[in-house]
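These notes concern the structure reproduced below.
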Amino acid sequence: MTELSDSTVPVRGDRWRPSNPLLENVIQKYIDEARREACDTTGNIGTITGGGLVLVGFGIIVAIGTGNPLAAIFAMIVLALAGLAWMGVNAPPLRLDPLQILEPMGGPGNLPAGYLVHPLAWKAGMPEYLRGVPERRLRIAVDLCRKHPGAVTDLLRMVERSERWVAEQQPGKDFSPAGRDAEIARFAKRLIEHQVRNVPVGTR
């Protein structure tokens, strides 16, 4: 049975998750780049550089004016510590939009369907992408993601289509929530089998 949580990666009943080292290296690269860019946009690097130049100039003036280099160094250290403390208190929070991390790849929804259950995808905007997706739809999608030949967004749309079909046609005799879920999954599996049969061998 699929395990779902609001804050953790979904876990399939068979514990399967995809493995594609090349793709995962690319995802990790984008995660690292996004974090670096978020740090750079706080302006701290420029502030520290400018402040350092000011302190050096101030130290030179103090050293010349007092004739005491040690006093100048001490004054620079005190001012530097005070400046760093002020920056620590007033620095803006990191502005990292998870949905932008994989934007060069088309976003989290463009990942292969199996990455619905991969931890790296969940560090790269997948939770934000899935926000608003009903729990039943997500649960069924997780159960089907291993066999689906398309992307995450294609899988979710297919499950949604299956939900509508079951709601309209009302197949079977079990009209309980569990029975409806089973019918949705059954219809979705047929759609996947049809897609797999029609996907060219070289693209699987």
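Looking for whichever is without any contact (Cβ under 8 Å) to a residue 24 or more places away in the chain and of a type in the set (Val, Ile, Thr) here; the options are Val142, Val133. Which one fits?
Val133
Determine which member of the set Leu99, Leu138, Leu94 is aliphatic (A, V, I, L, M), modelled with pLDDT of 95 or more and surrounded by fewer than 19 Cβ atoms within 10 Å (Cβ to Cβ).
Leu138
Conditions (1) charged (D, E, K, R); (2) crowded, with 16+ Cβ neighbours inside 10 Å; (3) in contact with a His (Cβ under 6 Å, 6 or more places away or on another chain), marked per residue:
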site	(1), (2), (3)
Arg161	yes, no, no
Lys173	yes, no, no
Pro177	no, no, no
Arg180	yes, yes, no
Arg186	yes, no, no
Leu191	no, yes, no
Contacts under 6 angstrom Cβ, first residue in the range 102-113 being modelled with pLDDT of 95 or more, partner part of a helix (DSSP H, G or I) and of a type in the set (Val, Ile, Thr), 6 or more apart: Gly109/Val152; Gly109/Thr153; Leu111/Val152; Ala113/Val152
Scan of the range 157-185 for residues that are under 17 Å from Val133 (Cβ atoms) and among the acidic types (Asp, Glu), ordered by number: Glu160, Glu163, Asp181
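The values are calculated or read from the model by the stated rules, or taken from the named source; none is laboratory data. A quick note: this is a predicted structure, and the numbers were derived from the prediction, not measured. Every residue, glycine as well, gets a Cβ built from its backbone with ideal geometry; the counts of neighbours run over all protein chains shown.
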